[in-house]
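The values are calculated or read from the model by the stated rules, or taken from the named source; none is laboratory data. In this text the structure is predicted, and so the values were computed from the model without any measurement. Quick reminder, even Gly has a Cβ in these numbers, built from the backbone with ideal geometry, and neighbours come from all protein chains shown. What goes into the accessible areas is simple: the full protein's heavy atoms, side chains included, and nothing from ligands, DNA or RNA. Shrake-Rupley method; radii C 1.70, N 1.55, O 1.52, S 1.80 Å.
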Amino acid sequence: MNTIAVIGLLWGDEGKGKIVDLLGEGADIIIRYQGGTNAGHTVYHNGSPLVLHLIPSGIFNKKVICVIGNGCVIDLDSLDKEIKLLEKEGIEVRGRLFISKRAHVTFPFHIFEDKKSEKEKGPKNLGTTSRGIGPTYVDKSARIGVQIVDFLYPDELESKLRVKFDSKRGMAEQYSVASIIDGSLPIAESLKEYFIDAVHYINVKINEGKKVLFEGAQGTLLDIDLGTYPYVTSSNPTVGGICTGTGVPASKIKNVIGVTKAYATRVGKGPFPTEFEEKFQEQFRTDASEFGATTGRPRKCGWFDAFAIKYACMVNGIQSIAVTKLDCLSGIRKIKICVGYRVRNEKQLESFPVHQQLLSEAVPVYEEFDGWSEDIRGVRSEKDLPAAALDYLKALECILNVRVVLVSTGPGREDTIVREELW
Ligand code: GDP
Ligand code: IMO
Ligand code: MG
């Protein structure tokens with residue numbers, strides 16, 4: 001097996017960073033295929049957390065090459081800061097990070113537009129990360145975007161930006177073409193050696209038999225096509241996003257691993273059927289440190305939603321999952337798993353709701369399981385898990401009809417039970 005995809009199963013923050021860092025030990029190349037700095041992937045390095053936004057989570061492994069694929073949107077200023085932060089930590093980035101020339105660029109005015117649009121929507125806003133993601137993908141789709149490759153042809157950059165400016169209301173009051181170029185070109189110049197034809201590069205490497213890991217950002221239910229629209233991001237975190245976001249054909253994507261916490265979380269707006277009741281949630285959020293890695297916002301927390309995850313496994317073709325943060329369920333007397341939704345007292349829904357009104361009315365149907373009192377943080381072997389924790393994992397496997405191949409019991413790389421070798 002020489003390719004593995006790691007994909008979030010719900011609304012992001014499933015612990016993908018940790019799993020990618022861990023599986024990265026066996027990889028030659030790790031590639032991000034969508035999203036931008038809206039992602040916040042936490043990796044423990046020398047015992048401390050480090051949050052990556054654009055650079056793949058395998059960068060801590062010296063032998064791994066990291067690639068930012070064409071499906072990503074790149075805020076050069078943030079990227080530059082991220083590179084410098086890693087270098088300060090003693091991580092060599094030059095020569096180990098490549099950026100697709102086809103990727104689109106997020107400029108300061110995209111961030112401005114993102115914030116403005118959220119403000120104008122008032123209480124009906126989407127709760128975006130304010131990183132300019134939506135507006136960058138809008139420009140890409142409208143075919144007025146700027147790609148990384150455009151920095152290699154600076155003479156044409158001005159006219160490209162001019163087209164963009166002419167098409168946007170109110171932009172000239174805030175920014176000028178000259179100020180945008182002055183702000184971005186020097187950074188692009190300094191990163192020039194990172195820019196490659198990543199489509200060609202990655203396909204050649206796969207054909208040579210190199211082990212490639214595709215790192216998803218966000219999660220299946222934030223997918224612009226398959227998620228809980230409009231409360232989604234503007235890219236495709238699902239498996240199809242790999243093909244369009246890297247140029248690797250579907251036939252080369254061998255093993256798709258879904259990542260989920262042992263419970264559910266959501267940050268930003270949109271219905272969340274299995275949300276805990278308020279008092280319990282507050283305590284749980286504090287104990288489980290459920291605050292956004294990018295924005296610091298409190299994450300809503302709830303029971304494991306097997307009905308939603310079944311949908312996610314279906315659209316990604318997933319048979320193996322990694323379950324993270326199992327340690328955070330310790331001490332809860334009865335643990336619930338949502339196995340279906342009922343709406344207006346009618347019979348259970350057959351499929352995951354399309355309309356958000358229906359999702360907001362969904363009443364979860366739960367199965368209940370005994371909890372465990374033991375502290376399992378850092379457990380590395382299955383035999384050290386309490387029987388109730390093993391029963392819970394077994395229940396997840398039966399309900400979802402998948403194998404739980406990895407169990408994470410703490411944020412560190414070593415705090416993991418590996419049940420199956422994946423490479
Ligand atoms: P990502 O966006 O999917 O990479 O996830 P985030 O990094 O945004 O959020 C996951 C959080 O959970 C991070 O703070 C991780 O350090 C932490 N984490 C990951 N796995 C575990 C685990 O098994 N137990 C605990 N306690 N924390 C974990
Ligand atoms: P990782 O990769 C959790 C959410 C935002 C908002 C919606 C749209 O760390 O799992 P956007 O800024 O993308 O236009 O916001 O998507 N969102 C995330 N939630 N984890 C993420 O990334 C997210 N990236 C975006 O909160 O609801
Ligand atoms: Mg995150």
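Pro186: modelled with pLDDT of 95 or more and not assigned by TED's automatic domain parsing to the domain that holds Ile65, yes or no?
yes
Could you please give the count of residues in segment 339-364 that are buried (at least 16 other Cβ atoms within 10 Å of the Cβ) and among the hydrophobic types (A, V, I, L, M, F, W, C)?
Final tally of qualifying residues: 6.
Within 15 Å of ligand 2 (Cβ to nearest atom) and modelled with pLDDT under 95: does that describe Lys124? I'd like the intermediate steps shown before the answer.
Values: within 15 Å of ligand 2 (Cβ to nearest atom): yes; modelled with pLDDT under 95: yes.
Here the answer is yes, as Lys124 does meet what is asked.
What's the total number of residues in segment 1-37 that are open to solvent by 20 Å² or more (accessible area, probe 1.4 Å) and within 11 Å of ligand 2 (Cβ to nearest atom)?
Number satisfying all stated conditions: 2.
Please work out which residue is farthest from Cys328 (Cα to Cα), limiting yourself to segment 375-388 and to residues that are out of contact with any strand residue (DSSP E or B) (no Cβ under 9 Å at 6 or more places or on another chain) and surrounded by 14 or more Cβ atoms within 10 Å (Cβ to Cβ).
Ranking the qualifying residues of segment 375-388, first place goes to Pro386.
How about segment 303-327: which of its residues are more than 20 Å from Gly227 (Cα to Cα) and either open to solvent by less than 30 Å² (accessible area, probe 1.4 Å) or modelled with pLDDT under 95 (or both)?
Within segment 303-327, Ser320, Ala322, Val323, Thr324, Leu326, Asp327 meet the criteria.
With the requirement that a residue be within 30 Å of the chain's Cα centre (by Cα), among the charged types (D, E, K, R) and surrounded by fewer than 16 Cβ atoms within 10 Å (Cβ to Cβ), what does segment 137-167 give you?
From segment 137-167, those within 30 Å of the chain's Cα centre (by Cα) are 137-152, 161, 164; that's our starting set.
Right, trim to among the charged types (D, E, K, R) and you get 139-140, 143, 150, 164.
Residue satisfying the conditions is Arg143 alone.
Being of a type in the set (S, T, N, Q) and more than 16 Å from ligand 3 (Cβ to nearest atom) is the filter here, so list the residues in segment 221-244 that pass it.
If the condition is that a residue be of a type in the set (S, T, N, Q) and more than 16 Å from ligand 3 (Cβ to nearest atom), then Thr228, Ser234, Asn236, Thr238, Thr244 are the ones that fit.
Where residues in segment 133-168 are among the basic types (Lys, Arg) and outside any helix (DSSP H, G or I), which of them is farthest from Phe98 (Cα to Cα)?
Lys168
Select from segment 76-101 the residues that are more than 16 Å from Ala188 (Cβ to Cβ) and charged (D, E, K, R) and list them in ascending order.
Glu87, Lys88, Glu89, Glu92, Arg96, listed by residue number.
Would you mind finding the one in Gly331, Gly378 that is on the phi > 0 side of the Ramachandran plot and under 28 Å from the mean Cα position of the chain (by Cα)?
Within the list Gly331, Gly378, the selection yields Gly378.
Give the residues of segment 66-79 that are over 19 Å from Cys243 (Cα atoms) and either without any contact (Cβ under 8 Å) to a residue 60 or more places away in the chain or surrounded by fewer than 20 Cβ atoms within 10 Å (Cβ to Cβ) (or both), sorted by residue number. Let's see the steps before the verdict.
Going through segment 66-79, the residues over 19 Å from Cys243 (Cα atoms) turn out to be 75-79.
Asp75, Asp77, Ser78, listed by residue number.
With the condition kept exactly as written, say whether any residue in segment 346-357 is touching a Phe, Trp or Tyr at 6+ places or on another chain (Cβ under 8 Å) and β-branched (Val, Ile, Thr).
no
If only one of Gln147, Gln218, Gln174 is within 16 Å of ligand 3 (Cβ to nearest atom) and in contact (Cβ under 8 Å) with a residue 40 or more places away in the chain, which one is it?
Testing whether each residue is within 16 Å of ligand 3 (Cβ to nearest atom) and in contact (Cβ under 8 Å) with a residue 40 or more places away in the chain leaves just Gln218.
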